[in-house]
1. Based on the mean of other beta carbon atoms within 10 Å per residue, what is the order of 484-491, 181-188, 690-697, 81-88, most packed first?
2. Over 10 Å intervals from 0, what percent of Cα-Cα pairs in the range 204-322 sits in each interval?
3. Could you work out the helix-only [θ] at 222 nm for the chain, with each DSSP H run of four or more residues adding -39,500 (n - 2.57) and the total divided by the number of residues, to the nearest 500 deg cm²/dmol?
4. So, in Å, what gap is there between the alpha-carbon centers of the range 87-117 and the range 634-655?
5. Could you list, by residue number, the cysteines of the chain that have no other cysteine's beta carbon within less than 4.7 Å of their beta carbon?
6. Assigning unit charges at the beta carbon (Lys, Arg +1; Asp, Glu -1) and nothing else, what dipole magnitude in debye, to the nearest 20, does the chain show about its Cα centre?
7. So what is log10(I(q)/I(0)) for the range 685-798 at q = 0.11, 0.18, 0.21 1/Å, when the Debye sum runs over its Cα atoms only?
8. What number results when the radius of gyration of the range 320-374, computed over Cα atoms, is divided by 2.2 N^0.38 Å?
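The values are calculated or read from the model by the stated rules, or taken from the named source; none is laboratory data. Source: prediction; values computed, not measured. Using ideal geometry, Cβ is built from the backbone for each residue, glycine included, and neighbour counts are taken over all protein chains shown. Ligands, DNA and RNA are stripped out before the accessible areas are found, and what is left, the full protein with its side chains, is counted by its heavy atoms. Shrake-Rupley method; radii C 1.70, N 1.55, O 1.52, S 1.80 Å.
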Amino acid sequence: MSAPRGGANGRLASESATIESATIESATIESAGGALRVVGKAMPRVDAVSKVTGRTVYADDLTFPGTIHCVLLRSPHPHARIRGVDVREAAGVPGVVAVLTGAAMPTRFGVSPSSEEEQALATEKVRYVGEPVAAVAARDEATAREACKKIHVDYELLEPVTSIDQALEVPMDEPIHAASKDSNIHRLAALEFGDVEEGFAASDHVREDVFFYEGSTHLAMEEHSATATFADGQLTVWSSTQSPHNVHRALSSVLGLPMGHVRVVATPHGGGFGGKVDPCAHEIVIAKLAMTTGRPVKCTLTREEVFYNHRGRHPVLMWVRTGVTRDGRIRAMHFRTALDGGAHGSLGAATTYYTGALQPATYDLPAYRFEGCRVFTNKAPCGPKRGHGTPQPRFALELHLDKLAEDLGMDPVELRRRNYVRPNSRTVNGLRITSCAIENVTAEVLAASGYSRRRRRDGHGQGFAVSAYLCGAGSPMYLNRMPHSEVNIEVGRGGVTVLCGATDIGQGSDSVLATLVAEELGLEREDVRLVTGDTGLTPVDLGSYSSRVTFMAGNAAIEAARKMRATLVAAAAERSGAQPTEMTVAGGKIGPLSFEEAVVAAEELYGSLGSGGSYAPPPDISGSKYRGSAVGPSPAFSFSAAVVDLDADRVTGEVRVNKVWIAHDIGRALNPLLVRGQVEGGVYMGLGEALMEAQVYRNGLLHHPSVLEYKTPLSTDMPEIEHLLVEQPDPEGPYGAKEVGQGPLLPVVPAVVSAIHDALGIWVDEVPVTPEKVLRALDSRAKGGDPRTGPRAFPMIPYPPCVKVAPPDAASAAL
């Protein structure tokens, strides 16, 4: 039995990158033939029965005796100063218990230190339609809603900023945030790795293109909901949050309570997709109302309010210029992005860097320049939607390479293959690539789809694209040296309990934790009890975002389980008179003893049984240090490849997707059934963003804050999906596993647009692709013009001089 790698905090050393998958297996429990018993088996989620029988208790299902209901008054204006708020008439409405304004909570908050400009209730100005201004708590929701109509807010209207171009204009009526002084620019980035101009000079062909990716929202089935209680100086909030840790910190800060007096419980989820990562205004407001009234306070947002809360996909305008040799080798790339961030920061600083960080994670770029700009506009704040800042540049990059291949008369797949990154290498911007099955996923998806053998016919086409994604962000949202994930295990006569702060948002993280602990302790998943997402009971986990939970919480769980296993083996050996090395742990037995007998023996020797494990990424995952270098590095990267088959109607402009082949580098599938579910979810969301989803505004007013009008695929719109799971265990992943929650989305969008080009000979350089855009490109082509539709120019942006970062030398580039 090997010891946990990396010591007490689970930090994995860089040399572990050479450990073979066989070593990982040999460190686990033996069963018949030494095979894994639980890991790798297709099984339903551990909460499947409760979910399908309706017994799961979601946030909106919670009701405590004496609960009062909160409704938020929201701004009807996109940009206005608040001259005054009169709540006297509302406070006099029968059934109203309390009315709250921002004066009671002036402290600003945000999901990260770089974005702490929000208030739970606005006090000085409103910056988007739907921003909360006041709150009413009453005996029921209807009374609270009626009382909100009695609140009188005196607004001084300001000119709204509604586009990237308008945000860049100087002078302006008034900046959205005073801290931005005379600008609506939130964040600028300018980085250069290697000598880009030298690379362009050495190129035989240089091409540049402009693309646009429209914003979209998460559209989770469950609306946001939370309930708060305050008793004996202790605040408890139950919320449908993806990160109870983030909410915990925000509540402590805004309400002035010690962290030890605040408890946040993440309730079971009806979907998040990034929309519930940020701490939200309603969570803070109900907490303050509970403290004020002494009664439980509940707030559930309407679907319209969820649209206003947003934190979804950024609209991004992109310009890319690449130089290649005649044989398709990339010599230099210059990538510019302009992000419409909406009214607040959210995770926008990181998003800005993510629009440039992962291009070198798929392609070996000798020289690379990235310039990014995020602006504030008077729209709902954008934030981390599935894929967080990477679907937009992936769309642009993959189509740009298609066009380069066409210029050179090359097969687009061959051009990509000549530039793929290699395993155990370091990218030009310092990212550490360990396991890498990009060539394998390419081969799998090409063979299954017959892409290279396709027969071209008018109106029918296939498109190909690849991508890479993180297995968790390498740095926390706020600077600290603590572990990113922690897991405790308690064992006693009541069984095995796993405590972890991670939240299952539908991705199956509870099932992952149960699987890993059961495998390590020789049990079945049903033998493992889970307590998760509760800051009062569980150790810290940073949250369910960036596809981090399997890799990080999974490794922490393995470390805790191996410590517990060692304790039980030692006790069983002493009880039976055998040597610990002779013990097998399998089938509910520890050597000759049943698991329960081993627990009793261990308790007799040691007393209460508990163990802990933790994980933080290894320090060498980033090879360079510069402003922005915290965005992009990850303990491992997954790789995906997709082929989309579709029909496009030249008369109507309509597109119908027939089939999607998707190959994903999973490392090891801990549960193939759940992995396939995640892959299908990514494909579904990718098709929606490619063909219909758009968060559109008119003069600062959201055009369609309703599921009746916001277009998203129905089950009847979904094509056949063929999953191809490529298993090459990662040396540092839990049993070799890597992420699957977000990566499979990324290649789908460019593959759709590439297939439309294959079918009709036109380029649609912006998404979503609508029939109108297809017909516009066809009309331009018929008139002898450019066979494309999309943005024509990239705006003039005052980027600062590039920070020049030396690329890794030959020795460090080859790990």
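1. The packing order, highest mean first, is 484-491, 690-697, 181-188, 81-88.
2. 13, 38, 23, 12, 8, 5, 1, 0
3. Taken over the chain, the calculation gives -8000 deg cm²/dmol.
4. When both Cα centres are located, 45 Å separates them.
5. By the Cβ distance rule, which asks for a partner under 4.7 Å, the isolated cysteines are Cys148, Cys280, Cys373, Cys382, Cys436, Cys471, Cys500, Cys802.
6. Numbers: 80 positive and 95 negative charges, 120 e Å.
Around 580 debye, computed over the chain.
7. Log10 I(q)/I(0), no solvent term: -0.56, -1.07, -1.21.
8. Values: Rg = 13.5 Å, N = 55, 2.2 N^0.38 = 10.1 Å.
Normalised Cα radius of gyration, the range 320-374: 1.34.
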